[in-house]
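A.B. asks: Before I ask anything, here is the structure I am working with.
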Amino acid sequence: MSHTLNIYEPLSIEAIRAEFPILQTKVLYGGHPLVYLDNAATTQKPTVVLEALDEYYKTINANVHRGVHYLSQRATDAFEEARRKVASFINARYDYEIIFTRGTTNGINTVSSTFGRAFLRPGDEVLISAMEHHSNIVPWQMACEYYGATLKVIPMNERGELDQAAFATLIRGRVKILALTYVSNSLGTVNPIRDMIRTAHTYGVPVLIDAAQAVQHMPVDVQDLDCDFLVFSSHKIYGPTGIGVLYGKEEWLNKLPPHEGGGEMIKTVTFGKTTYNDLPFKFEAGTPDMSGAIGLKAALDYVDSIGIDRIQLAEEALMSYALDALSTVPGIRFIGEAEHRSGVISFLLAEHHPFDVGELLDKQGIAVRTGHHCCQPVMDFLDIAGTVRASFSIYNTPSDVDSLVTALQKAGRILG
Ligand code: 7TS
């Protein structure tokens, strides 16, 4: 759908904002209109998604893949249509390479534990980067601990860019898998993952991409990237919470053992032995989140109706406006100044604690996130307690940025 749109045609932000009922919120203290700049944590939901959830429960709710009856077949059709939508959205070769998960974290844990069981042995290495979210650190640490492997880390510089020379050396070790974020949620860095995937493949190393902060901001094509696994969360791309996606190349998904045991992931069960189902069901034990998948489909349809290319252009323009505008705030220091950035701007205000700044912004109706953003190693490396983070989405406007700037100036004056 997106390719039929003129990507240079400006978005009608007012029309977009009207699709998101929650944006009408007035923040309790002082009745300030809500300025929502915490989109990296979770995005708000457009009416089409809310209606899809409502419609699902009102008209077709039934368990999937199990009943011959009318509702069950309708629910199954809608659920599988959602899978096809996800496959086409990220350009997977086959629908059955799409596994529904509970979210990014659950997707990474599915790969780390099954990959660990199948392939990690004492002396092996798992390679991650210095800017990973805890979700892409801890599961690998646990797998390494369990199987006697070692976790290696690609370092970054002060600007928040990965050290490519160090990567070129590290990948030549005994690396069994590279797990890397596409876009950093704490610094906004967009990593050159296509090149890094190509390098990893020259050493026969498969790559998992954490696309939690990428799919909502830029086109993601898994065949073009040639990644072996890719994960994201529905709730960060205008869809419901509780559901996410694990993409895996057929070849890799077939090599991994199942993650959880239960209904749906089996072909036959006796007390002596169970044989496992084919993809994608082998990785979907138990009743899946049917309404979530259908809500996610509605969200991806919504994104396609605008066009991810246009979203990318509009958000880049807004980011650039925000960087210029924020630069005028006395005492501001940007954290993360990579050349290629997306979605988030992290900063500190003079010597003030990020939490104090965040609280004063909240009092003025502005929602940002403060703290380590589940990236404690990033904060340790930069020797800071945390940052204030403004993160953007399609419904944010230059006027949101102006409100942030005014509120920061006021916070600066109050904090002295
Ligand atoms: N990976 C990245 C890069 C993320 O930004 C997040 C969530 C996750 C993984 C985990 O996603 P989940 O949906 O499974 O929780 N990031 C954030 C954030 O920046 N603020 O709140 C959650």
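The values are calculated or read from the model by the stated rules, or taken from the named source; none is laboratory data. It should be emphasised that the depicted structure is a prediction, and the values quoted were computed from it without experimental measurement. Cβ atoms come from the backbone with ideal geometry, glycine included; neighbour counts cover every protein chain shown.
A.B. asks: Across region 234-252, what is the number of residues that are surrounded by fewer than 23 Cβ atoms within 10 Å (Cβ to Cβ) and not basic (Lys, Arg)?
C.D. replies: Count: 6.
A.B. asks: I would also like to ask the following. Looking at region 309-334, I want the residues that are farther than 12 Å from residue 390 by Cβ and have a partner that is modelled with pLDDT under 95 and among the hydroxyl-bearing types (Ser, Thr, Tyr) with Cβ atoms under 7 Å, at least 6 apart or on another chain. Which pairs are those?
C.D. replies: Pairs that qualify, where the first residue is farther than 12 Å from residue 390 by Cβ and the partner is modelled with pLDDT under 95 and among the hydroxyl-bearing types (Ser, Thr, Tyr), are 309/2.
A.B. asks: Can I ask one more? Residue under question is residue 273, and the condition is that it be touching a helix residue (DSSP H, G or I) at 6+ places or on another chain (Cβ under 7 Å), farther than 15 Å from residue 105 by Cβ and either more than 13 Å from the ligand (Cβ to nearest atom) or in the same structural domain as residue 175 (by TED's automatic domain parsing) (or both); does it hold?
C.D. replies: Spelling it out, it is not the case that residue 273 is touching a helix residue (DSSP H, G or I) at 6+ places or on another chain (Cβ under 7 Å), farther than 15 Å from residue 105 by Cβ and either more than 13 Å from the ligand (Cβ to nearest atom) or in the same structural domain as residue 175 (by TED's automatic domain parsing) (or both).
A.B. asks: Identify, please: which residue in region 351-379 is over 23 Å from the mean Cα position of the chain (by Cα) and farther than 30 Å from residue 18 by Cα and is, among those, farthest from the ligand (Cβ to nearest atom)?
C.D. replies: 351
A.B. asks: Out of all the residues in region 171-227, which are within 12 Å of the ligand (Cβ to nearest atom) and small (Gly, Ala, Ser)?
C.D. replies: 179, 184, 186, 188, 211, 212, 214 - these are the residues of region 171-227 that are within 12 Å of the ligand (Cβ to nearest atom) and small (Gly, Ala, Ser).
A.B. asks: Here's a follow-up. Could you list, in sequence order, the residues of region 357-405 that are of a type in the set (S, T, N, Q) and either touching a residue at least 12 places away in the same chain (Cβ under 8 Å) or within 19 Å of residue 212 (Cα to Cα) (or both)?
C.D. replies: 364, 370, 376, 387, 391, 393, 396, 397, 403
A.B. asks: Just checking, how many residues over region 98-127 are under 18 Å from the mean Cα position of the chain (by Cα) and either of a type in the set (D, E, K, R) or outside the structural domain of residue 183 (by TED's automatic domain parsing) (or both)?
C.D. replies: Of the residues in that region, 1 qualify.
A.B. asks: Run down 388, 357 and say which single residue is in contact with a strand residue (DSSP E or B) (Cβ under 9 Å, 6 or more places away or on another chain) and assigned to a helix (DSSP H, G or I).
C.D. replies: Result of the check over 388, 357: 357.
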